[in-house]
Amino acid sequence: MTTPVPRTLYIHDDLSAELKAHGAHAQQLGEALFERLRADERIVVLTLDEQLDALVARGQHVPFAAAVGIGRAGARVAAQVHARTGWFPAIHAVDLWREEDDAGSYALAGSATLASQLARIADADSIAVVDDTIFSGLTMRTVLEALPPRPGRRVHAFCLRAVAESLPGVAALAPVSTGVAAAGRILEDVSFINASGLVRRGAIRRAGQASLAFFERPEWMEAWFPGYTEAIVKLCRELHEAVEAPRADRAPRTRRGSPAPSARPGSRRPGSSSRRSAPGR
């Protein structure tokens, strides 16, 4: 099946601030990229501050005994929210990611079983589970279901952005707060991506194979940027070269990819779509 063109594509700008460390040329390429993206009325560029502001405005919380950050992205969001609110004084990152197989299906993987990673917070009387995005809801639901049981525990899920139709499945397990909730059907009406994923490898993790950046997946780029795909891919490739090029003040970058073999989390289960068209979680 072909990848559908979403009516609205939300792009989280986690790239512009990083480009300041890569010199004037990289910043100019980044400005050109976002200028072209904003010219498309289908695209909404999200900033970190507006998402944090919206999430914090959802309501106050008593600090949690433990906050589970899903992957590096979730741990980073937890730290950013804590800096504003004080809700998450003890953040525990779990190493968990979604990866695709040769058929385009998805499953969760990690460097250790999810149960073993969550065992250290088994006695916590309140737990926040934090991620950057809830797309299909697979990752968040898996972590919530894997929490060590404890009667009377307060559990709450948090994310910066979500597809609204995926929230009821999460809310059935725990209350959930999100900064931006986009209405509509996944993929057909709404999709979410990170701007860094357009440029950096690791956005697409593949079982037993090297990771890819979005610009290396032509069918997705054509669906997201119809009519001007070639121009966007060219900018993304140039930006990739700019940010991956070794700088004089640091050692050469090690290419990141999916560890192989991957250790599966406690309950490995497939994603909800067989199409290679859903980069979200």
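The values are calculated or read from the model by the stated rules, or taken from the named source; none is laboratory data. None of these values were measured; they are calculated from a predicted model. Every residue, glycine among them, receives a Cβ derived from its backbone with ideal geometry; neighbour counts consider all protein chains shown. In case anyone asks, the SASA skips ligands and DNA or RNA and just uses the protein heavy atoms, side chains included. Shrake-Rupley method; radii C 1.70, N 1.55, O 1.52, S 1.80 Å.
Things worth noting here:
- Restricted to segment 127-157, and to residues there that are among the β-branched types (Val, Ile, Thr) and open to solvent by less than 30 Å² (accessible area, probe 1.4 Å), the residue that is nearest to residue 97 (Cα to Cα) is 139.
- Residue within segment 249-266 that is modelled with pLDDT of 95 or more and open to solvent by 30 Å² or more (accessible area, probe 1.4 Å) present: no
- Verdict on residue 99 being charged (D, E, K, R) and open to solvent by less than 20 Å² (accessible area, probe 1.4 Å): yes
- Flag for residue 172 being modelled with pLDDT of 95 or more and closer than 27 Å to residue 78 by Cβ: yes
- You will find that of 173, 160, 235, the residue that is outside any helix (DSSP H, G or I), farther than 22 Å from residue 103 by Cα and more than 18 Å from the chain's Cα centre (by Cα) is 173 and no other.
- Candidate set: segment 76-89, residues that are outside any helix (DSSP H, G or I) and open to solvent by less than 30 Å² (accessible area, probe 1.4 Å); chosen: the one nearest to residue 66 (Cα to Cα): 88
- Check on residue 29, within 21 Å of the chain's Cα centre (by Cα) and in contact (Cβ under 8 Å) with a residue 12 or more places away in the chain: no
- Residue list for segment 182-232, filter: assigned to a strand (DSSP E or B) and aliphatic (A, V, I, L, M): 182, 186, 190, 193, 204, 210, 212
- Selection of segment 26-67 for residues being closer than 30 Å to residue 156 by Cβ, open to solvent by 10 Å² or more (accessible area, probe 1.4 Å) and in a helix (DSSP H, G or I) yields 48, 49, 50, 53, 54, 56.
- Here residue 93 fulfils each of the conditions (1) over 25 Å from residue 108 (Cα atoms); (2) of a type in the set (Gly, Ala, Ser); (3) surrounded by 13 or more Cβ atoms within 10 Å (Cβ to Cβ) apart from (1).
- Any pair with Cβ under 6 angstrom, 6 or more apart, that starts in segment 98-117 at a residue that is under 19 Å from residue 72 (Cβ atoms) and ends at one that is at pLDDT 90 or above and of a type in the set (Val, Ile, Thr): 108/142; 117/94
- Residue that is farthest from the chain's Cα centre (by Cα), among those in segment 110-121 that are among the aliphatic types (A, V, I, L, M) and either open to solvent by 30 Å² or more (accessible area, probe 1.4 Å) or modelled with pLDDT under 95 (or both): 119
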